[in-house]
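The structure under discussion appears below in the form of structure tokens.
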Amino acid sequence: GAVVSQHPSWVICKSGTSVKIECRSLDFQATTMFWYRQFPKQSLMLMATSNEGSKATYEQGVEKDKFLINHASLTLSTLTVTSAHPEDSSFYICSARDPGLAGGSSTDTQYFGPGTRLTVL
Amino acid sequence: GEDVEQSLFLSVREGDSSVINCTYTDSSSTYLYWYKQEPGAGLQLLTYIFSNMDMKQDQRLTVLLNKKDKHLSLRIADTQTGDSAIYFCAEGFGNEKLTFGTGTRLTIIP
């Protein structure tokens, strides 16, 4: 199946700094990538939809100026948490949409990265 | 809006079958998915079912869909210790946006 990677897998930063998380589709081109956030023992909440070459679409309640998303190529999307604070500490997971061709699947599917654990001190 | 619900915990003896249930509200969903999440890891797609199907079987996994009742289930036959994880169901329309359930933590009893 299709592979999606994330980097870094974990990061610890000081309050007020910015952190960039990368999401890559390794063996297929993804015109659409999604960014999710997962708090401990909770489900995934969609933060934004990232489309290659255009602005991201943010879900209600997600601050677009705080969570900057860039999808500059068909295989890379980045999420930058700006001026991070302890309440931003979470598990951030990206997914890449495989429309059902290059990834070898027979249907439109999202493939998930391994996640990035962010801890803000 | 869409709402997907699951029971939070399930304990099963090794070798028995596990049945994880999910209910959803959006009748326009075209695909329903089951994902597995192991501790500290991302989500692994286990299987999916198209909304016009009633059942799908894939090795030890059987998915049943009751569209009338908006009920989805995942049956894992011969449950093993490696099946311990959190299982999420999710619904989507053309995979544009997935709505996830709360997740069911499956614990295997030796």
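The values are calculated or read from the model by the stated rules, or taken from the named source; none is laboratory data. What you are looking at is a predicted structure, and each value in this text was computed from that prediction instead of being measured. Virtual Cβ from ideal backbone geometry, glycine too; neighbours counted across all protein chains shown. When the accessible area is computed, the model is the full protein with side chains, heavy atoms only, and any ligands, DNA or RNA have been set aside. Shrake-Rupley method; radii C 1.70, N 1.55, O 1.52, S 1.80 Å.
Here are the numbers for this structure:
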| read-out | value |
| --- | --- |
| Some residue of the stretch A:49-60 being open to solvent by 10 Å² or more (accessible area, probe 1.4 Å), at pLDDT 90 or above, under 22 Å from B:THR99 (Cβ atoms) and out of contact with any strand residue (DSSP E or B) (no Cβ under 9 Å at 6 or more places or on another chain) | yes |
| Strands (runs of 3 or more DSSP E) contained in the stretch A:1-88 and holding at least 2 residues more than 19 Å from A:VAL120 (Cβ to Cβ) | A:4-7, A:19-25, A:32-38, A:44-51, A:67-73, A:76-81 |
| Unique match (being more than 27 Å from A:TRP10 (Cβ to Cβ) and open to solvent by less than 70 Å² (accessible area, probe 1.4 Å)) among B:THR23, B:THR107 | B:THR23 |
| Selection within the stretch B:58-83 - in contact (Cβ under 8 Å) with a residue 40 or more places away in the chain and of a type in the set (Ser, Thr, Tyr) | B:SER73, B:THR79, B:THR81 |
| Lone qualifier among B:LYS97, B:LYS68 - being among the charged types (D, E, K, R), at the interface with chain A (Cβ under 8 Å from one of its Cβ atoms) and at negative phi | B:LYS97 |
| Tally of residues being at negative phi, in a loop (DSSP other than H, G, I, E, B) and open to solvent by 40 Å² or more (accessible area, probe 1.4 Å) across the stretch B:43-65 | 4 |
| Single residue of A:GLN38, A:GLN6, A:GLN42 found to be within 14 Å of chain B (Cβ to nearest Cβ), open to solvent by less than 40 Å² (accessible area, probe 1.4 Å) and within 22 Å of B:VAL4 (Cβ to Cβ) | A:GLN38 |
| Conditions (1) more than 19 Å from A:GLN42 (Cα to Cα); (2) more than 10 Å from chain A (Cβ to nearest Cβ); (3) surrounded by 15 or more Cβ atoms within 10 Å (Cβ to Cβ); number of the one not met by B:TYR87 | (1) |
| Residue match in the stretch A:62-78 (condition: touching a Phe, Trp or Tyr at 6+ places or on another chain (Cβ under 8 Å) and either surrounded by fewer than 16 Cβ atoms within 10 Å (Cβ to Cβ) or under 18 Å from B:GLN44 (Cα atoms) (or both)) | yes |
| Odd one out for B:GLY92, checked against (1) of a type outside the set (A, V, I, L, M); (2) open to solvent by less than 50 Å² (accessible area, probe 1.4 Å); (3) under 19 Å from B:ARG13 (Cα atoms) | (3) |
| A:GLY115 on the phi > 0 side of the Ramachandran plot and open to solvent by 20 Å² or more (accessible area, probe 1.4 Å) | no |
| From B:SER11, B:SER29, B:SER73, residue being open to solvent by less than 70 Å² (accessible area, probe 1.4 Å), in a strand (DSSP E or B) and away from chain A (no Cβ under 12 Å) | B:SER73 |
| Residue count for the stretch A:46-61, restricted to those that are small (Gly, Ala, Ser) and within 18 Å of A:SER90 (Cα to Cα) | 2 |
| Members of the stretch A:8-42 that are in contact with an Asp or Glu (Cβ under 6 Å, 6 or more places away or on another chain) and closer than 30 Å to B:THR104 by Cβ | A:PHE28 |
| Every residue from the stretch A:9-21 that is within 20 Å of B:GLN44 (Cβ to Cβ) and surrounded by fewer than 16 Cβ atoms within 10 Å (Cβ to Cβ) | A:SER9, A:TRP10 |
